[in-house]
Amino acid sequence: MKFHMSLTVAALALGLAAPAFAQADKPIKIAVIQDSTGPLQAYAEQMINGFKLGLDYATKGTNEVAGRKIQIIYKDSQTKPDVGRNLLAEAYNDDGADLAIGGTSSAVALAMLPVAKENKKILIVEPAVADSITGDKWNRYIFRTGRNSSQDAISNAIAIGKPGTVIATLGQDYAFGRDGVAAFKKALEGTGAKLVYEEYAPPATTDFTAPAQRIFDALDKVKAERKIIWVIWAGAGNPLGKLKSLDPARKGISISTGGNILPALVFYKDFPGMEGSTYYYYGDSHNAVNDWLVEQHEKLYKSPPDFFTCGGFAAAMAAVTALNATKGKTDTETLISAMEGMKFPTPKGEMMLRKEDHQALQEMFAFKIKVDPSVKWAIPELTRVIKISDMNVPIQNKR
């Protein structure tokens, strides 16, 4: 009888342990959904390269957490919201992804948010920027390692907002541009500068003559010591170059914008001394993580890491930091508990996922454009690190 009871207890113990062993034997599946074709292709490619390097750094080259291998599932959302939405559902339901990371375009990311809620699985948004992602469209399964429009706007307002300054904006006519301008307008309050005119153009615009003329006319009506056009634009079109070709300097108007990828910074060479703020430039960030990234990226790609390379790296660091905290457990509630308030290192410094809206709080970098003939692109030379404590980033969700 005693022998029989021992066998029964042993069998029960093995049975209870089976799920834990089964999970340990399974890979952790992470879906990475980016706009690898379309106007934001360059952003997506950088993000994916950065994610791979971040995964390597975070796991010390093992590609595993708590003894579990990490399997990455890459999908191309083609800069189409309906495709992104369907691919995320496919990743969760057909591929068995434990969590996902995406998207590139704000429009695609916004389409993906409800899918995470329906499936009760984590979506880390990187690098889409629209405030509404962690604002009125947010749900508790959404975390964002990328900066939001408010962080861009507040840091740029700090960089260029001064008494006696009037500003007109040129933005893309969708969530990225409109959210960005709204946040910028609010962020200017208290700087002494005033936003006096807003102009929006379709994302595919290539001829900026009419929008520029409306901006010039609006600024002509205002008397001020300093007049600036602040541009918020992503992807193709080169509005900076088109604006400059219309010679705003003859009207006493200068141009400002935020940072951008290295190919876009080539066009900034026409704007020596231009001021603004950036999310990341490899030469402005000084820490061990960034040193490693710069060295490895140069070795692999024969070029320095770019704007969205940093973002992909940060997303990988967040995912692995969370998985280490849960000791490899991937159930959603455990991950949420680990990620709310979580701090993690990135190439641009430490980030923290704010508990209230899961937005990553992070430093930004004020710059003045320097032109060096020996460098292919303009250098956004650091003038000031804008610390997390310098930016009152609003909580905009309805939690």
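Each reported figure results from applying straightforward, stated rules to the coordinates on display, with no laboratory input. Since this is a predicted model, take the numbers as computed values, not measurements. All Cβ positions, glycine included, derive from the backbone under ideal geometry; neighbour counts span all protein chains shown.
Comparing Val222, Val115, Val294 in a Gaussian network model of the chain, where Cα atoms under 10 Å apart are tied by springs, the biggest mean-square fluctuation is seen for Val222. Over all projection directions, the Cα-based convex hull of region 117-169 averages an area of 4.7 nm².
Rounded to 0.05, the FRET efficiency of the Tyr74 and Lys221 pair, given R0 = 51 Å and the Cβ-Cβ distance, is 0.50.
Compute the helix-to-body angle for 149-160: its Cα long axis versus the longest principal axis of the chain, expressed 0 to 90° and rounded to tens. Once rounded, the angle reads 40 degrees. Across region 252-399, Cα-Cα pairs more than 22 Å apart make up 48 percent of the total. For region 179-244, the Stokes-Einstein estimate of translational diffusion at 37 °C and a viscosity of 0.692 mPa s comes to 250 µm²/s, using the Kirkwood hydrodynamic radius over alpha-carbon pairs. The sum of -39500 (n - 2.57) across all DSSP H runs of n ≥ 4, divided by the residue count of the chain, sets its helix-only mean residue ellipticity at 222 nm to -12500 deg cm²/dmol. Legend: distances between Cα atoms for Lys162/Lys269; Lys185/Lys223; Lys242/Lys348; pairs beyond 27 Å are Lys242/Lys348.
The long axis of helix 288-301 is offset from the longest Cα principal axis of the chain by roughly 90 degrees. Where Lys and Arg each count +1 and Asp and Glu each count -1, what net charge lies around Asp217 among other residues with Cβ under 12 Å from its Cβ? Combined, the nearby Lys, Arg, Asp and Glu give +1. The orientation-averaged shadow of the Cα convex hull for region 136-219, equal to a quarter of the hull surface, comes to 6.7 nm². Which log10 I(q)/I(0) values, to two decimals, does region 53-101 give at q = 0.15 Å⁻¹ under the Debye formula with one point per Cα? Relative scattering, expressed as log10 I(q)/I(0), comes to -0.51.
For region 22-133, the square roots a ≥ b ≥ c of the C-alpha gyration tensor eigenvalues yield an a/c of 1.5 or more together with a/b not exceeding b/c, which makes the shape oblate. Largest first, the extents of the alpha carbon coordinates of the chain on the three principal axes equal 100, 44, 37 Å. Let me know the Kirkwood hydrodynamic radius for region 64-215, please, with Cα pairs as the basis and the value in Å to one decimal. By the Kirkwood definition, the hydrodynamic radius is 17.2 Å. Using only alpha carbon pairs under 8 Å that are at least six residues apart, calculate the relative contact order of region 52-206 and give it in whole percent. Relative CO of region 52-206 lands at 16 percent.
Remark: region 208-275 projects, on average over all directions, an area of 4.6 nm² (convex hull of Cα atoms). Evaluated with a Cβ-only charge set (Lys, Arg +1; Asp, Glu -1), region 332-396 carries a dipole of roughly 340 debye about its Cα centre, given to the nearest 20.
Summary of the geometry: region 158-225 and region 106-139, compared by the centres of their Cα atoms, lie 27 Å apart. Relative to the longest principal axis of the Cα atoms of the chain, the long axis of helix 307-325 makes an angle of roughly 30 degrees. Can you check what the net charge comes to around Pro114, using other residues whose Cβ is under 14 Å from the Cβ of Pro114 (Lys, Arg +1; Asp, Glu -1)? The answer is +3. If the chain linking Glu356 and Ile336 were pulled fully straight, counting 0.36 nm for each residue of separation and taking away their Cα-Cα distance, it would gain 6.0 nm. Charges were assigned to the Cβ only: +1 to each Lys and Arg, -1 to each Asp and Glu. The resulting dipole of the chain about its Cα centre is roughly 540 debye.
Report the trypsin sites (Lys or Arg not before Pro) located in region 220-289 that are in a DSSP loop and have at most 14 other Cβ atoms inside 10 Å of their Cβ, or state none. Qualifying residues, ordered by number: Lys221, Lys223.
With Cα atoms as the point set, region 324-399 shows a radius of gyration and Dmax of 17.6, 53 Å.
Put simply, region 254-313 fits an ellipsoid with semi-axes of 24, 12, 9 Å; these come from the alpha carbon gyration tensor as the roots of five times its eigenvalues, largest first. With a cut-off of 13 Å between beta carbons, the residues surrounding Met391 carry a summed charge of +2, where Lys and Arg count +1 and Asp and Glu -1.
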